[in-house]
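Here the structure is laid out as structure tokens; the discussion comes afterwards.
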Amino acid sequence: MTGISILKERKKQIYQKGAEPFSITCGKHSLAGSVSQRACVFCGSRVVLYPIADALHLIHGPIGCAAYTWDIRGALSSGPELHRLSFSTDLQEKDVIFGGEKKLYHALIDLIHEYKPKAAFVYSTCIVGIIGDDVEAVCKKVSRETGVETLPVHSEGFKGTKKDGYKAACEALFKLVGQGSVDNISPYSINILGEFNIGGEAWIIKDYYKRMGVNVVSTMTGDGRVDDVRRSHGAMLNVVQCSGAMTYLADMMKEKYGIPYIRVSYFGLEDMSKALYDVAEYFSHNPEIMTCTQELVRYEISRIYPELQKIKTAVKGKRAAIYVGGAFKAFSLIKALKYIGINVILAGSQTGNDADYEVLRDMCDKGTIILDDANPLELSKYIIEKKADLFIGGVKERPIAYKMGIGFCDHNHERKTPLAGYSGMLNFAREVYLTVTSPVWQFAR
């Protein structure tokens, strides 16, 4: 045991399997002063909409908000890269006192004239919510004058958690759905929701579906295009990858357009294969799709299996801590780590719900720590106590791992290496192997 104590108000959001009957509190605002690893509402909306490459993204707020979320995802584009530019109205003290609506209007007019985007998203930040700028009215005016649809994103950071930012993004995105033509869309067609093309992952997944005989109408939002979103209501099925970010949009599309959806994960051999088989099963009236899927899965696994077994021999018995944004990702990571012989001693998420944590409890071994909305002190405490060899998280967790003298694997949205699909599983296993067997750690302990 360490001498690190847990804040009294945080104890109900931490559970150790087997120590007591299952009970964990989640879905609440972060405790003031606990230094949560969560991001704000604004950041949540940015990570969802950012990869739409031919849209203008303007942050209405202080320059710091734009700097914090500039190029926030390793989301690649096969065409335009307007999304990688970070525009801000750079609100100053004068604007806070007298209002920033005129500044927003002129910024939009100038940027639309200069870059000619297919659409524009305007993100409200904390200060905008406080001073009361009518962002929606400005957006409507600009839409009328320029002919470019300008969409407000109600993402004031103080309104809730990162998950509320996902909802704000979905509501803005949904306004585009249904505006385009659905001509020439295949009866075997899907939308991929919640795939952000980190390191080119969307391209890998779309290639799998193409080989199965399934057409992808729109990817929301990785390597996304505004016109594809506009015609996405013509797809037969929505396939939701990042369930925390995009289930709300899938629900809205189901209610208005009658499009059913399934939840999948593209991480790890087991979940990747299931994602493909589930789509093939949905189109079961065309047995050729299932036949192609079986051949694809067989080929892809046989291609990487020998190297995965070599890696397993080297890392078997190592202990890993996982802390990610959505719990659905944690499920896949646990399976993937078990496949290469690594034990999970800690699993947590920023946005998990009651059902998610029940699944985590069932997946984890006795003694595993399950956390909701953790902070650096808690993560450090359990890494030490459980003697972790590896920490899997994002940019905020990396310093914790290195300070603890253990390996780290970036599984968040800043990375540039694809970890989805079968080739992604091999990349993941290689990265785990390299970091946990690095000789540098002998000098850190």
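Just so it is clear, none of the values below were taken in a lab; they were calculated from the coordinates. Since the structure is predicted, the reported quantities are computational estimates derived from the model, not experimental observations. In this analysis, Cβ positions are derived from the backbone assuming ideal geometry, glycine residues included, and neighbour counts consider all displayed protein chains.
If the chain between Ile109 and Asp278 were fully stretched, how many nm would it gain, using 0.36 nm times the residue separation less the Cα-Cα distance?
In short, 56.3 nm is gained.
Would you tally the net charge around Pro62, using a Cβ to Cβ cut-off of less than 11 Å, leaving Pro62 out, and scoring K and R as +1, D and E as -1?
On the way: positive: none; negative: Asp90, Glu93, Asp95.
Combined, the nearby Lys, Arg, Asp and Glu give -3.
Suppose a student asked you for the relative contact order of the chain, using Cα pairs under 8 Å spaced at least 6 residues apart; what percent would you report?
Once normalised by length, the contact order is 18 percent.
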Order of Asp207, Asp227 from fewest to most other C-beta atoms within 10 Å? Asp207, Asp227
Which values of log₁₀ I(q)/I(0), to two decimal places, follow from the Debye formula for region 189-298 at q = 0.14, 0.18, 0.21 Å⁻¹ with a uniform point scatterer at every Cα? -0.50, -0.84, -1.16
Net charge of Cβ neighbours under 15 Å - reference Cys26; Lys, Arg +1; Asp, Glu -1: 0
With +1 on each Lys and Arg Cβ and -1 on each Asp and Glu Cβ, how big is the dipole of region 41-174 about its Cα centre, in debye rounded to the nearest 20? 280
Here the gain from full extension of Asn353 to Lys141, 0.36 nm per residue of separation minus their alpha-carbon distance, amounts to 72.4 nm
Work from the charge dipole of region 302-445 (Cβ charges, +1 for Lys and Arg, -1 for Asp and Glu, about the Cα centre) and give the residue of Pro376, Gly326, Leu337 farthest towards its positive end. Leu337
What net charge do the residues around Ala107 carry, taking every other residue with its C-beta under 14 Å from that of Ala107, with Lys and Arg at +1 and Asp and Glu at -1? -4
Rounded to the nearest 500 deg cm²/dmol, what is the calculated helix-only ellipticity per residue at 222 nm for the chain, with -39500 (n - 2.57) per DSSP H run of length n ≥ 4? -13500 deg cm²/dmol
By Cβ neighbour count within 10 Å, fewest first, Arg231, Arg430, Arg263 rank Arg430, Arg263, Arg231
Taking 0.36 nm per residue of separation between Ile301 and Gln442 and subtracting their Cα-Cα distance, the length gained on full extension comes to 47.3 nm
Value of D in µm² per second that Stokes-Einstein yields for the chain, Kirkwood Rh from Cα pairs, at 20 °C (1.002 mPa s): 94
Can you sort Asp71, Asp278, Asp372 by how many other beta carbons sit within 10 Å, fewest first? Asp71, Asp278, Asp372
